[in-house]
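To start, the structure under review is shown below, and the notes come after it.
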Amino acid sequence: MHAPSDSSKGSTAFTPDSGQAWVRLALALVIGAIGSVGMWSVVVVLPIVQGEFGATRGAISLAFTLTMLGFGLGGVATGRITDRFGIVVAMGLSIVFLGLAYVAAGLSTTLWQFIAVHILIGLGTSATFAPLMAEASHWFERYRGLAVTIVASGNYVGGTFWPPIVNWGIQSAGWRTTYIAIGIFCAVAMTIVLALLRAQIGAESRRSHDNAPPPRIDLKLSTNTLTAMLCIASIACCVAMAMPQVHIVAYCGDLGYGVARGAEMLSLMMAFGVVSRIGSGFLADRIGGIRTLLIGSVAQGFALLFYLFFDGLTSLYVISAMFGLFQGGIVPSYAIIVRESMPASEAGTRVGLVIFASVFGMSFGGWVSGVIFDASGSYAAAFLNGLLWNALNITIVVALLIRSRARLAMA
């Protein structure tokens with residue numbers, strides 16, 4: 001399996017699904033959870049910075065948009081770097097960007113500076129998601145789906161503890177000091193964990209895929225065509241996903257419940273998302289990535305529908321937990337589908353492309369939801385917009401499932 005190009009003893013001793021693989025996976029989860037702060041801090045700070053700079057909701061939402069843009073572009077670039085030079089190099093570059101960007105954001109004096117620097121925060125966060133998922137997929141065969149979703153759960157583990165921490169920091173020391181402290185902490189903590197991961201990987205820093213097994217499924221689509229279909233599907237599902245994740249804090253503030261309640265709901269959403277992601281990994285190892293993706297997409301649509309009809313405090317807590325539970329496994333399913341249907345040597349790059357599409361959907365969804373709110377004065381139309389995009393995602397996934405079933409019937 002995935003024999004490394006270096007034939008040294010340290011590299012050839014590794015066996016997929018071994019105890020060493022699980023140690024690597026644990027370290028990847030930790031570094032992913034720490035580095036995922038770039039995805040969540042801006043969501044909590046949006047109302048505070050909006051007030052300080054006197055900005056509109058749509059304008060301040062651009063900070064999240066640029067974060068996601070940097071995250072997506074960085075995922076493609078670091079995925080390519082991972083395929084060629086290994087995950088350690090890719091992660092090291094991301095750590096540098098993340099630490100410096102948070103300090104720069106904390107020192108920003110104008111709105112445009114604050115917004116612009118978030119593209120660097122996104123770049124710094126990028127290696128903690130798509131490249132790590134692709135890399136972990138090479139460490140496992142029997143439990144590949146579970147491994148990919150565990151690594152992806154680092155994003156939601158971070159989403160569980162970072163929003164309350166950031167909110168506490170803002171209340172105690174202000175958002176600027178909090179941002180600078182985040183940058184310093186992430187640079188130090190992630191470097192330590194990366195050093196431990198590097199020690200586990202050893203000489204296996206560059207990987208040859210000459211002996212990798214062929215894809216498990218054949219949809220009779222070219223790699224580029226399948227990549228394009230997955231990209232469109234991921235954009236659609238993530239436009240829908242962005243509405244609650246990006247705006248739940250501001251939504252609670254508008255309803256009079258306070259931003260602290262919104263931060264708690266976001267944390268609850270991410271906690272249940274961890275359960276969903278790990279559960280989807282078990283499911284994908286049994287029924288495949290396409291079916292797992294379809295289940296998650298349909299369930300996400302139902303959760304969005306509930307947001308349209310219930311806005312009580314208790315109801316929002318319950319629905320936010322449901323939303324996290326229903327949608328947590330969606331994005332990792334794309335990485336699983338890539339590994340099931342595409343060459344192993346292109347995993348980092350192809351996963352990076354699909355995840356870039358998903359974060360484009362998240363960034364566009366976060367921005368357009370703010371614009372819809374500014375135009376309509378409420379979030380009802382934004383939730384409806386999310387439902388329509390979710391329907392497009394389901395349509396594409398059903399088409400892939402039908403094609404895979406037809407292929408199985410022909411085999």
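The values are calculated or read from the model by the stated rules, or taken from the named source; none is laboratory data. Everything numeric here is computed off the predicted structure, so don't read it as measured data. Neighbour counts run over all protein chains shown; Cβ positions are idealised from the backbone, glycine included. Ligands, DNA and RNA are stripped out before the accessible areas are found, and what is left, the full protein with its side chains, is counted by its heavy atoms. Shrake-Rupley method; radii C 1.70, N 1.55, O 1.52, S 1.80 Å.
In the set Ala26, Ala77, Ala63, Ala55, which member is out of contact with any Phe, Trp or Tyr (no Cβ under 6 Å at 6 or more places or on another chain) and outside any helix (DSSP H, G or I)? Before you say what the answer is, go through the steps one by one.
Working: Ala26 fails: outside any helix (DSSP H, G or I); Ala77 fails: outside any helix (DSSP H, G or I); Ala63 fails: outside any helix (DSSP H, G or I).
That would be Ala55, the only listed residue that is out of contact with any Phe, Trp or Tyr (no Cβ under 6 Å at 6 or more places or on another chain) and outside any helix (DSSP H, G or I).
Taking Phe373, is it in a helix (DSSP H, G or I) and more than 24 Å from the chain's Cα centre (by Cα)? Spelling it out, Phe373 is indeed in a helix (DSSP H, G or I) and more than 24 Å from the chain's Cα centre (by Cα). Here the condition is being open to solvent by less than 40 Å² (accessible area, probe 1.4 Å), assigned to a helix (DSSP H, G or I) and at pLDDT 85 or above; of Val166, Val188, it holds for Val166 alone. When the range 214-245 is examined, which residues are found to be over 28 Å from Asp311 (Cβ atoms), open to solvent by 10 Å² or more (accessible area, probe 1.4 Å) and touching a Phe, Trp or Tyr at 6+ places or on another chain (Cβ under 9 Å)? The answer is Cys231, and nothing else. From the list Tyr251, Tyr257, the lone residue that is at pLDDT 85 or above, open to solvent by 20 Å² or more (accessible area, probe 1.4 Å), under 30 Å from Leu316 (Cα atoms) and not in a helix (DSSP H, G or I) is Tyr257.
Between residues in the range 244-260 that are in contact (Cβ under 8 Å) with a residue 60 or more places away in the chain and closer than 20 Å to Val368 by Cα and residues that are open to solvent by 30 Å² or more (accessible area, probe 1.4 Å) and among the hydroxyl-bearing types (Ser, Thr, Tyr), which pairs lie under 9 Å by C-beta distance while being six or more apart or on different chains? Filtered contacts from the range 244-260: Tyr251/Tyr257; Asp254/Ser378. Restricting the range 54-107 to residues that are of a type in the set (D, E, K, R) and within 23 Å of Arg198 (Cβ to Cβ), the residue that is least open to solvent (accessible area, probe 1.4 Å) is Asp83.
Please tell me if Ile278 is part of a helix (DSSP H, G or I) and within 26 Å of Ile150 (Cβ to Cβ). Explain how you work it out, then say what you get.
Working: part of a helix (DSSP H, G or I): yes; within 26 Å of Ile150 (Cβ to Cβ): yes.
Criteria met by Ile278.
Please go through the range 317-365 and pick out each residue that is buried (at least 24 other Cβ atoms within 10 Å of the Cβ) and in a loop (DSSP other than H, G, I, E, B). Matches in the range 317-365: Gly328, Gly329. Picking from residues in the range 271-291 that are in contact (Cβ under 8 Å) with a residue 60 or more places away in the chain and among the β-branched types (Val, Ile, Thr), the one that is surrounded by the fewest Cβ atoms within 10 Å (Cβ to Cβ) is Ile278. Looking only at residues in the range 112-163 that are closer than 25 Å to Thr15 by Cβ and among the β-branched types (Val, Ile, Thr), the one that is surrounded by the fewest Cβ atoms within 10 Å (Cβ to Cβ) is Ile150.
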